[in-house]
Amino acid sequence: MNIYSKIDSDRFGVKIGKITEEFFYNKNIKTIIKYFFQEKYDLILARIDFKHINLINELEKNGFTIKDAQSTLQYKIKNKTKSDLPTKFSQFDIRELKSSDIETFVNLTRTCFEDYGHYFADERLNYNDCLDTYGDWAYNSCTNSKVADKIFVADLNGEVIGYLSFKIYTINNNKYAAGGIGAVNPKYRNLGIFRDVTIAGLEWGIDNGFDWEEHNVLVNNFSVNKSFLKLGFKPEKFMVTLHGWVDELKRKL
């Protein structure tokens, strides 16, 4: 299994690997940590389903630390029609992203995601590099179909003040869209903007015959979690992200 993350390694200037619980199947954790050291990894990012709580506890005992926790919220739209959805507030124009929006889109992302997520939670990572993670994610969402297939934005007098991106997937003959990156300008929060771009996404999903849509949200992002739940999304799974700096892990051997 190739765990090397080139994009993270290039950004932060250290060798970084990404793993999930599958990496640990039928393997001894201490043997795996020796492998990280032998392969000269500096940092391992582990995204683990919370149902594997024993594995999470073992990782903590061996030097990994939890840096964020996310819930996956799902809305089943198969056989639904647009009339089944809540009505948008329509206070702002909800439309698709245009190429002329990209600069504003990226700048808004850098504002909204400062100090957000597992990168910022790690004091050994450079602060500006963490911020660049979100700026690059936003830019790639606008320009690379491998990152996002659709972006809905809220427009106020031609300016993007909120948005939500989507990527289409197929699994076991089920077609669904997963939310990517989303945010609302702090000056315009609590006005239903995020709600409306989410509904626009559901309408798009119905038009394209998706089975469901889903979004990952940090568990302590209460406003967004509440917004999804009010729209009828249901909790589907819970994930934690752990960081393991290999020099610290080796001291635990």
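The values are calculated or read from the model by the stated rules, or taken from the named source; none is laboratory data. All of these numbers come straight from a predicted model, not from anything done at the bench. Glycine also receives a Cβ, built like all others from the backbone with ideal geometry; neighbour counts cover every protein chain displayed. Heads up: the accessible areas ignore ligands, DNA and RNA and are worked out on the full protein's heavy atoms, side chains in. Shrake-Rupley method; radii C 1.70, N 1.55, O 1.52, S 1.80 Å.
Things worth noting here:
- Local electrostatic count at Val246 - Lys and Arg +1, Asp and Glu -1, tallied over other residues with Cβ under 11 Å: +2
- Exceeding the 26 Å Cα-Cα cut-off - candidates Lys146/Lys250; Lys146/Lys187; Lys27/Lys51: Lys146/Lys250; Lys146/Lys187
- C-alpha long axis of helix 222-231 to longest principal axis of the chain, angle in °: 50 degrees
- If you take the alpha carbon atoms of region 75-142 and fit the smallest convex hull around them, that volume is 152 Å³ per residue.
- Solvent-free Debye scattering, log10 I(q)/I(0), computed from the Cα coordinates of region 1-64 at q = 0.17 Å⁻¹: -0.59
- On a per residue basis, region 186-241 carries 49 Å² of accessible surface, using protein heavy atoms and a 1.4 Å probe.
- Accessible surface of the chain, 1.4 Å probe: 46 percent of it comes from carbon and sulfur atoms.
- Basic side chains Lys and Arg get +1 at the Cβ, acidic Asp and Glu get -1 at the Cβ, and with that the dipole of region 22-152 about its Cα centre reaches some 720 debye.
- With θ taken as phi - 60° and the Karplus curve 6.51 cos²θ - 1.76 cosθ + 1.60 applied, the whole-hertz 3J(HN,Hα) list for region 164-177 is 7, 9, 9, 10, 8, 9, 10, 9, 6, 6, 9, 9, 8, 10 Hz, x standing for glycine and proline.
- Computed over the Cα atoms of region 160-241, pair by distinct pair, the Kirkwood hydrodynamic radius stands at 13.5 angstrom.
- Extents of region 19-148, taken as max minus min of Cα coordinates on every principal axis and listed largest first, are 55, 40, 24 Å.
- Working from Cα pairs under 8 Å separated by at least six residues, relative contact order for region 15-171 is 19 percent.
- Using alpha-carbon coordinates, inclination of helix 102-112 to the longest axis of the chain, degrees: 60 degrees
- Sorting the segments 27-40, 184-197 by their residues' average number of neighbouring beta-carbon atoms within 10 angstrom, most packed first, yields 184-197, 27-40.
- With respect to the chain, whose longest principal axis is taken over its alpha-carbon atoms, helix 193-207 is tilted by about 80°.
- Stokes-Einstein diffusion for the chain at 20 °C, viscosity 1.002 mPa s, with a Kirkwood radius from C-alpha pairs, works out to 110 µm²/s.
- Principal axis dimensions, region 96-245 - Cα atoms, whole angstrom, descending: 44, 39, 30
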